[in-house]
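Each value in this text was obtained by applying a stated rule to the coordinates, not by laboratory testing. Remember, predicted model here, so these are calculated numbers, not experimental data. So basically every Cβ, Gly included, is an ideal-geometry build from the backbone, and we count neighbours across all protein chains shown.
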Amino acid sequence: MEIQVLPVAADQLRQPPKADYGFCVTFANRMFTQHYTRDRGWHDAKIEPFAPFSLSPATSSLHYAQMIFEGMKAYRRADGRINLFRPWDNTRRFNNSALRMAMPVVDEEEHLAAICKLINIEDEWVPSQADASLYIRPTMIATETMLGVRAGAAYLHFVIISPVGPYFSEGFNPVSVYITDAYARAVRGGVGEAKTGGNYAASLFAGEDARRKGYSQVLWLDAIERRYVEEVGAMNICFVYDGRRIVTPSLTGSILPGVTRRSVIELGRHLGYEVEEAMIDVHEMLADVKSGRITEVFGSGTAAVIAPVGKFGFHDEEIAISDGQTGPVARELFEHLTDIQYGRAPDPFGWVYTISPNGH
Ligand code: COI
């Protein structure tokens with residue numbers, strides 16, 4: 001793939017913020033784009049100024065949500081180089097999501113090479129501050145101008161990047177989670193395991209409801225029985241039993257197969273924990289929290305990293321977890337994971353892909 005690099009006009013060049021990044025509120029000066037048509041395949045790859053797209057109001061993805069995205073991060077190492085974390089896994093998932101949404105796949109090597117080239121050019125947007133990183137948002141949308149309900153014939157693949165701090169305003173402190181059995185996010189056989197915007201749109205109403213009740217996230221149950229724990233929308237969820245056994249919901253088809261979730265499973269086992277994927281009954285789980293058998297609950301995700309959960313809400317009840325404090329297992333996993341991500345510790349798993357300032 002030939003990538004054409006276009007200049008940014010001097011009066012359009014912005015400087016990265018120095019601190020208080022928030023989550024994806026400012027974007028680097030450039031983005032990657034390429035187009036797909038049935039006759040030409042992927043073509044016209046560019047690194048060009050970050051700017052609004054011009055789209056027809058009849059662009060099919062604006063109506064029927066044929067779109068996918070990914071979330072990845074780049075971390076500044078102490079030696080100035082940059083680590084991508086498990087980028088192959090996110091790229092594979094991007095293509096799995098594309099297939100599920102009847103979209104064309106991208107060449108995985110080229111997708112990754114485009115991301116590395118963009119980050120190399122926009123090197124100064126990778127923060128050096130502790131707890132900060134560069135969030136990478138690969139996206140694909142259907143761009144055909146038509147309102148028939150069918151897969152589009154044209155697509156835009158783009159990658160935008162943004163310096164970020166912790167996803168939750170709580171930082172690495174416990175978040176509160178409301179368990180809903182009134183609404184469902186995704187159903188088996190649907191698109192819950194694809195990273196597609198509709199899953200997030202489906203979560204917003206319950207998310208606002210939870211916020212009004214004073215909680216920052218929603219825990220989803222399976223859509224049929226409203227009984228088995230699924231995920232928290234912006235992250236997967238893990239339960240710690242007796243301080244030594246980590247259990248996370250099995251991937252049943254309606255849960256996002258998280259890259260950080262898989263890392264927790266592998267790292268947890270490496271650190272000597274028993275780790276299990278299982279169907280988790282919400283009533284049993286809450287009884288185990290109340291009896292103290294569940295000693296910790298935490299979420300895992302690219303944006304969230306490891307997020308301790310300090311409190312559940314369910315119907316009218318409030319249930320504190322580990323006295324509302326961050327537990328030792330979440331802390332140990334957070335520290336090991338971020339040490340590997342930032343290159344502060346060796347990476348025995350081969351998860352990290354290091355790019356040097358002048359190429360990859
Ligand atoms: C991520 O963790 O990267 C996500 O995509 C979750 C959310 C911010 C949409």
Length released on extending from residue 43 to residue 99, taking residue separation times 0.36 nm less the Cα-Cα span: 18.2 nm
Residue order, fewest to most beta carbons within 10 Å, for 283, 63, 157: 283, 63, 157
Normalised alpha carbon radius of gyration of the chain [divisor 2.2 N^0.38 Å]: 1.00
In degrees, nearest ten, helix 87-100 long axis to first principal axis of the chain (Cα): 90
Principal axes of the stretch 68-127: Cα extent on each, largest first, Å: 41, 17, 16
Eligible lysines near residue 195 by straight Cα distance, threshold 19 Å, same-chain separation 8 or greater: 73
0 to 90° range, to nearest 10: angle between helix 282-291 axis and the chain longest Cα axis: 60
For the stretch 175-341, fraction of C-alpha pairs farther apart than 29 Å, in %: 12
Orientation-averaged projected area, Cα convex hull of the stretch 10-61 (nm²): 5.8
Square roots of five times the Cα gyration tensor eigenvalues for the stretch 4-165, Å: 28, 17, 14
Distance cut-off 19 Å, percentage of C-alpha pairs in the stretch 232-331 lying past it: 37
Packing-based exposure ordering (other Cβ within 10 Å, fewest first) of 24, 116: 24, 116
Rounded FRET efficiency, nearest 0.05, which uses the C-beta distance separating residue 13 from residue 278 and R0 of 51 Å: 0.50
Fewest-first ranking of 61, 300, 169, using other Cβ atoms within 10 Å as the exposure measure: 169, 61, 300
